[in-house]
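Have a look at the structure below, then the notes.
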Amino acid sequence: MELTDADLVARVLVDDDQHAFGELVRRHQSAVRGLLRQLTRTDVALADDLAQQTFLRAYKNIRSFRGEARFSTWLYRIAYNCFREDARRRKELVGIDEEKLQTQHDPQVTDPGLRHDLMRALSLLPLNERSAVLLCCQNGLSHDEASRVLDIPLGTVKTNVLRGREKLKRMLADWGPN
Amino acid sequence: MKQVNQEDWLDQKLREATPYIDDEGFTARVLQQLPPPQRRHDLLRAVILLGMAFLASVLAYVVSGGGRFVSVTFERLAALPALWVFALALSSGLVIAAAGATAAVSRSRASLT
């Protein structure tokens, strides 16, 4: 029988079992690295550095995980904090303005692939909308979970998801269902 | 209805746009950077503390003439006025409660960070 995340966390807490922590990393590395890649606008090297920091920080602070939220939600919160601290250092916490958003959309010329357009459209969203859309629409978190991860009010999350979705739909209008 | 379909479509495409990322040594790199397990250090510390406590107890027993001081102390305690015993018990209780509250507050602060 496969151990649950809670079982593995308990093993890390009681026995300092690094194999159990390794299993947690294996389970969640794809989601955490994926989220960070999107947040860093597909800077793979930076995203992987931040993902490593995320797991190291999770290991050091695992005693503060109380099991009230899912382990993945707790990890997303650490990942988002790592990203935000790094972005503050790099002074990159700026959104993309609407004008740039309009002019850069030219799917027919640059790339015929929907996935590529979707990724690019995501990267053009301001950070607050991008992170809310990524967490709720892509990673399946509830608005409440996302508000805990992003440390912002529930209403703000809902607004950001709504606005982000609207912009994505506008940018991907050529691809959408008729 | 069209709005709902569009949202479903968008969510579906967003989920499909992030395929599973292969580990490719990522977990191994994380594990390499973990601090060494604390367990052995904790065990060693516990053994040293227990050993010292045992030696101190043996030494105290021998030096005090076979532990006669224990019975003498109890005799003295029994001779104390009731008010003194009550004050002693109350102050001990207060010290322990204060220590417990301090530990709880510092622990809850640590879990918030």
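Going through (1) crowded, with 16+ Cβ neighbours inside 10 Å; (2) touching a residue at least 24 places away in the same chain (Cβ under 8 Å); (3) closer than 16 Å to B:LEU31 by Cα; (4) not hydroxyl-bearing (Ser, Thr, Tyr) one by one, A:ARG57 falls short only on (1).
Taking the condition more than 10 Å from chain B (Cβ to nearest Cβ) and outside any helix (DSSP H, G or I), does A:ALA69 pass? Spelling it out, A:ALA69 is indeed more than 10 Å from chain B (Cβ to nearest Cβ) and outside any helix (DSSP H, G or I).
When A:ALA45, A:ALA51 are checked against the criterion of being out of contact with any Ser or Thr (no Cβ under 8 Å at 6 or more places or on another chain) and more than 10 Å from chain B (Cβ to nearest Cβ), a single residue qualifies: A:ALA45. When residues in region A:7-33 are screened for being at the interface with chain B (Cβ under 7 Å from one of its Cβ atoms), free of Cβ contacts under 8 Å to residues at least 12 places away in the same chain and of a type outside the set (S, T, N, Q), 4 of them pass.
Restricting attention to region A:15-31 and to residues that are among the charged types (D, E, K, R) and part of a helix (DSSP H, G or I), the residue that is surrounded by the fewest Cβ atoms within 10 Å (Cβ to Cβ) turns out to be A:ASP15. For the residues A:LEU150, A:LEU127, the requirement of being buried (at least 21 other Cβ atoms within 10 Å of the Cβ) and in contact (Cβ under 8 Å) with a residue 24 or more places away in the chain singles out A:LEU150.
On the stretch given as region A:76-91, residues that are within 12 Å of another protein chain (Cβ to nearest Cβ) and among the aliphatic types (A, V, I, L, M) total 1.
Condition first: under 25 Å from A:PHE55 (Cβ atoms), modelled with pLDDT of 90 or more and either surrounded by fewer than 16 Cβ atoms within 10 Å (Cβ to Cβ) or not acidic (Asp, Glu) (or both). Can you find one or more residues in region A:88-111 that meet it? No, every residue in region A:88-111 fails to be under 25 Å from A:PHE55 (Cβ atoms), modelled with pLDDT of 90 or more and either surrounded by fewer than 16 Cβ atoms within 10 Å (Cβ to Cβ) or not acidic (Asp, Glu) (or both). Return yes or no: is A:LEU118 within 13 Å of chain B (Cβ to nearest Cβ), farther than 23 Å from A:ASP43 by Cα, among the aliphatic types (A, V, I, L, M) and in a helix (DSSP H, G or I)? The answer is no for A:LEU118.
The values are calculated or read from the model by the stated rules, or taken from the named source; none is laboratory data. In this text, all values refer to a predicted model and were calculated from it rather than measured experimentally. Glycine gets a Cβ as well: all are built from the backbone with ideal geometry, and neighbour counts include every protein chain shown.
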